[in-house]
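For reference, the structure is listed below as structure tokens.
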Amino acid sequence: MLIVMKPDAQRSDIEKVLHVIETLGFRGHQLPGENRTAIGVTGNRGAIDPAHFENLPGVADAIRVTQPYKLISKDAKPEKSIVKVGNSTIGGPELAMIAGPCAIESREQLFTTAETVAKSGARFFRGGAYKPRTSPYAFQGMGEDGVKMLAEIREQFDLNIVTEAMDEHGVDAVEKYGDCIQIGARNMQNFSLLKYVGKTRKPVLLKRGLSATLDELLLAAEYIMAEGNYDVILCERGIRTFANHARNTIDLSIIPAVHRLTHLPVIVDPSHGTGHNYMVTPLARAGVAVGADGLIIEVHPCPEEALCDGAQALTPAQYLDLVNQVQAIHEVVSEPAPVFIEDQ
Ligand code: PEP
Ligand code: MN
């Protein structure tokens, strides 16, 4: 159920609705919008009688939700969400650039890469400390020492830190030292982890699972929001298909589909989406052209020496070139549509 408040509803009206929801044994989620506040109800198994709310002061409507998701939907919040990440935002008018190495390997590698990322004007830095590797014998990341190094990067370069957590211990570390908790593709349906990050107050970058449908991705976001954390950013990072010319098949049609259904921002990861250095820039351009709110890009000072994902890493020079290209495209696609006046 979604309770839509009147534009002039008072704070006390909203409190009253939340109280009734609680009395019924459910949870109310306030979703303030530009023109009105909506309150999503979760925790109910069957339909709730709208009569509980219809006559309360300040209530415009009590709507039954027929879709499987409630809080992510545009019915709950018609305006796009702008998610605050550290001292910047994702989902607003600026194209969000998140860049950095796949994995933190050393202080030198990290600081050299951060210099390039800061120089490019990006506001976000990535780098994995807890790495989900296919082989247990591959480099697993530097763990908490790595996350602490990322905190130093934030101080020195004024970049906001986005980094992956694979379990509750990782979430605690990222919550303490980082600005945004990344949930990787392999954990998109780790429901206990989703609930755990839902209880934190750090924004979450949720990557699409290796073979997840749009609905599955949206319901994973719903898991996080149902716990009270509404700061979720979605990420298309390619899915597994029969095509083997690229590491994954990047599914850019999901970007307009996401924008149609939800208010959440969505970004594109052309690094994991393609797996090949030469494909990253073209697919980054395409991602921005279809309306992504940002990009996440892997950069390494010396890709041939990378301990993880070297084949898809851009050199600093390639990355700076990519930024110039995608900013030019972003300016075009974010311009208001021209108004044509017909001749009489
Ligand atoms: C990553 O961003 O380093 C990563 C492991 O991504 P994904 O979860 O999309 O594979
Ligand atoms: Mn990687």
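The values are calculated or read from the model by the stated rules, or taken from the named source; none is laboratory data. On a predicted model such as this, the values are computed, not experimentally measured, just so you know. Because the Cβ atoms are built from the backbone with ideal geometry, glycine has one as well, and the counts that use them run over all protein chains shown.
Tabulated results
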| quantity | calculated |
| --- | --- |
| Identity of the residue in segment 292-314, buried (at least 24 other Cβ atoms within 10 Å of the Cβ) and in a loop (DSSP other than H, G, I, E, B), that ends up farthest from ligand 1 (Cβ to nearest atom) | D293 |
| Residues of segment 171-213 satisfying the condition of being under 23 Å from G273 (Cβ atoms) and of a type in the set (S, T, Y) | S211, T213 |
| Verdict on E152 being more than 16 Å from ligand 2 (Cβ to nearest atom) and either free of Cβ contacts under 8 Å to residues at least 24 places away in the same chain or more than 22 Å from G294 (Cβ to Cβ) (or both) | yes |
| Qualifying positions in segment 315-332 - among the hydrophobic types (A, V, I, L, M, F, W, C) and either surrounded by 14 or more Cβ atoms within 10 Å (Cβ to Cβ) or in contact (Cβ under 8 Å) with a residue 60 or more places away in the chain (or both) | L320, L322, V323, V326, I329 |
| Identity of the residue in segment 44-65, surrounded by 13 or more Cβ atoms within 10 Å (Cβ to Cβ) and within 22 Å of Y230 (Cα to Cα), that ends up modelled with the highest pLDDT | A62 |
| Residue among I90, I98 that alone is within 16 Å of ligand 2 (Cβ to nearest atom), among the hydrophobic types (A, V, I, L, M, F, W, C), surrounded by 20 or more Cβ atoms within 10 Å (Cβ to Cβ) and modelled with pLDDT of 95 or more | I98 |
| Test: residue in segment 240-255 that is under 19 Å from R123 (Cα atoms) and in contact (Cβ under 8 Å) with a residue 60 or more places away in the chain | no |
| Which numbered condition V41 misses (of (1) more than 16 Å from ligand 1 (Cβ to nearest atom); (2) at pLDDT 95 or above; (3) out of contact with any helix residue (DSSP H, G or I) (no Cβ under 8 Å at 6 or more places or on another chain); (4) aliphatic (A, V, I, L, M)) | (3) |
